[in-house]
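Written below as structure tokens is the structure these notes are about.
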Amino acid sequence: MEASVNITNAKVWHRGEILEAGISIADDRIVEVGKDSSLPRAERELDVGGRLVFPGLIDVHCHLRDFELSYKEDFSSGTASAVAGGFTTLLDMPNTKPPTTTPESVRAKIRSMRGKLFCDVGFYATPKAPEQVGGLLDSGCMAIKIYMARSLDGETYSTEEEIYKLLRETSSQGVVLSVHAEDPKMIGMLGENLSPYLHARFHPIKAEERAIEMALSATKRAHGRLHVCHVSTLEGVSKIIRAKRDGIDVTCEATPHHAALTKDVFGRFGKMAVVEPPLRSKRHVEAVLKSISNGDVDILATDHAPHTLEEKERAYPGFPGFEIAVPVFFTLVREGLLPLDRVIDALTIRPARRFSLYNAGIIDVGRMANLTVIDLKREKRIDQNRFFSKAKYSPFNGMLVKAGVYATFVRGREVFLDGEIVSPTKLGKVIHGHIHR
Ligand code: DOR
Ligand code: ZN
Ligand code: ZN
């Protein structure tokens, strides 16, 4: 059989090792992984100059917005930003406008995403009440997400009892419950125009610690499956580590900002660095880093959360994350602060397993040809003006980084190459949860 493209002169991440090899792709599948000389004939060859080829990266936590929030980001600009950042599979969050809280809104999201995606996207929904979980999953969401401190559509999941009841449902349906863990009783009343320092004080360490504690206790009682979003504190991460040792089915994720930035950046970036949970002190950043290093943090996720500049002036929390994640995490690898295999696993196989993303996370013959080519030799400064996201600001702006994305393949085609989106056809598909149940 003739292949459509041969990726040659590569270092391929294959079954946990780096192979000096090439990859043959026919149509949307990988048909060979082996020495360049042993690859089948192909219509085209892409010599990647000795760069590393990884399974297409997965981000289980992003906000693509769209609908009434399209002015911040839409499915097309968001997934363009994702592929520019090396991501080929995403899970999108439900705090959209209108919110993703009903079977109708789940179906509307699927209809609306079709034809607009540069990469594959599944998404979360938030049930208005626990008994609605089944209906949401049947309509096609992949997992369930709750904000303990905030309501999207009148629902509340802020006490252990409420979370327990929801976990009974999600675990009986075989899906993961993801939580934004901040105890509403411990966070301050928010207004706009807060300074980043005040905002951080309103989101204390205790609020995360207490919320994680509640969610873990509920998970233990319900025999549930819990995923804690964006851990940011030593105390929070310690509670999760202890729970894992006790046999509780819990995973957690860390973001580039909680792994690499302390609140010292408030001085330089002001409100642009406001995020929830907030940036913390060195002690916490070191704890997050250490926990990624030893695998206690299971997954790396961006929490890509775009806003307009005008909204940032009013201290809306969040910033774009797709296009800084690889530069930041792989710079930490190059500086010896994170092991390469941990970072790769946390961006590929571990999220794939946790969220049943069967098409993603592995390079092998017969697998979908979603691939990310990373350059570990270049040095560059992060430039927010070059983001494909509509949100052109970042608390990482100007940082000198020692790694970047060279190319991204989605379903057998390169969509991003050397700084440009090179395929106008949007090959991404909506991932429907119910197929996998
Ligand atoms: O910083 C944040 N931004 N934290 C959240 O929990 C929500 C997110 C957003 O949607 O903007
Ligand atoms: Zn969150
Ligand atoms: Zn988020």
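The values are calculated or read from the model by the stated rules, or taken from the named source; none is laboratory data. Since this is a predicted model, take the numbers as computed values, not measurements. So basically every Cβ, Gly included, is an ideal-geometry build from the backbone, and we count neighbours across all protein chains shown.
Need at least 2 residues that are over 27 Å from residue 327 (Cβ atoms) and within 16 Å of ligand 2 (Cβ to nearest atom) per element, so show me which strands (runs of 3 or more DSSP E) inside segment 21-119 make the cut, counting only ones lying wholly within it.
Fully inside segment 21-119 and qualifying: nothing.
What pairs come up if the first residue lies in segment 224-242 and is closer than 11 Å to residue 205 by Cβ, the second is part of a strand (DSSP E or B) and within 16 Å of ligand 2 (Cβ to nearest atom), and their beta carbons are under 7 Å apart, counting only those six or more places apart or on different chains?
These pairs meet every condition: 232/280; 233/280.
Can you confirm whether segment 95-102 contains a residue that is more than 16 Å from ligand 1 (Cβ to nearest atom) and crowded, with 24+ Cβ neighbours inside 10 Å?
The answer is no; no qualifying residue exists.
Considering only segment 378-397, state which residues are under 15 Å from residue 318 (Cβ atoms) and assigned to a strand (DSSP E or B).
Those that are under 15 Å from residue 318 (Cβ atoms) and assigned to a strand (DSSP E or B): none in segment 378-397.
I'm checking my understanding of the structure. Among residues of segment 295-315 that are touching a residue at least 24 places away in the same chain (Cβ under 8 Å), away from ligand 3 (no atom under 16 Å from the Cβ) and surrounded by fewer than 18 Cβ atoms within 10 Å (Cβ to Cβ), which one is nearest to residue 374 (Cα to Cα)?
295
Tell me the residue from 60, 48, 31 that is within 16 Å of ligand 3 (Cβ to nearest atom), among the hydrophobic types (A, V, I, L, M, F, W, C) and modelled with pLDDT of 95 or more, please.
Going through 60, 48, 31 in turn, just one is within 16 Å of ligand 3 (Cβ to nearest atom), among the hydrophobic types (A, V, I, L, M, F, W, C) and modelled with pLDDT of 95 or more: 60.
Just one of (1) under 18 Å from residue 355 (Cβ atoms); (2) more than 19 Å from the chain's Cα centre (by Cα); (3) among the hydroxyl-bearing types (Ser, Thr, Tyr) trips up residue 112, so point out which.
(1)
Assess whether residue 55 counts as being in contact with a helix residue (DSSP H, G or I) (Cβ under 9 Å, 6 or more places away or on another chain) and on the phi < 0 side of the Ramachandran plot.
Yes.
If you go through segment 390-432, how many residues are under 24 Å from residue 262 (Cβ atoms) and of a type in the set (S, T, N, Q)?
Qualifying residue count for the region: 2.
Please report, ordered by residue number, the helices (runs of 4 or more DSSP H) entirely within segment 209-284 with at least 2 residues that are of a type outside the set (Phe, Trp, Tyr) and under 22 Å from the mean Cα position of the chain (by Cα).
234-245, 256-260
From 318, 267, 247, which residue is among the small types (Gly, Ala, Ser) and either within 16 Å of ligand 3 (Cβ to nearest atom) or in contact (Cβ under 8 Å) with a residue 24 or more places away in the chain (or both)?
Matching residue, one of 318, 267, 247: 318.
Please verify whether segment 325-345 includes one or more residues that are buried (at least 24 other Cβ atoms within 10 Å of the Cβ) and within 16 Å of ligand 1 (Cβ to nearest atom).
Checked against the condition, which is being buried (at least 24 other Cβ atoms within 10 Å of the Cβ) and within 16 Å of ligand 1 (Cβ to nearest atom), segment 325-345 yields at least one hit.
Could you grab me the full set of residues in segment 203-244 that are of a type in the set (Gly, Ala, Ser), out of contact with any Leu (no Cβ under 9 Å at 6 or more places or on another chain), closer than 18 Å to residue 156 by Cα and within 16 Å of ligand 1 (Cβ to nearest atom)?
Scanning segment 203-244 gives 207, 211.
Quick one: count up the residues across segment 229-248 that are within 16 Å of ligand 2 (Cβ to nearest atom) and among the small types (Gly, Ala, Ser).
Total satisfying the criteria: 2.
Whether any residue in segment 185-197 is touching a Lys or Arg at 6+ places or on another chain (Cβ under 8 Å) and surrounded by 22 or more Cβ atoms within 10 Å (Cβ to Cβ) is what I want to check.
yes
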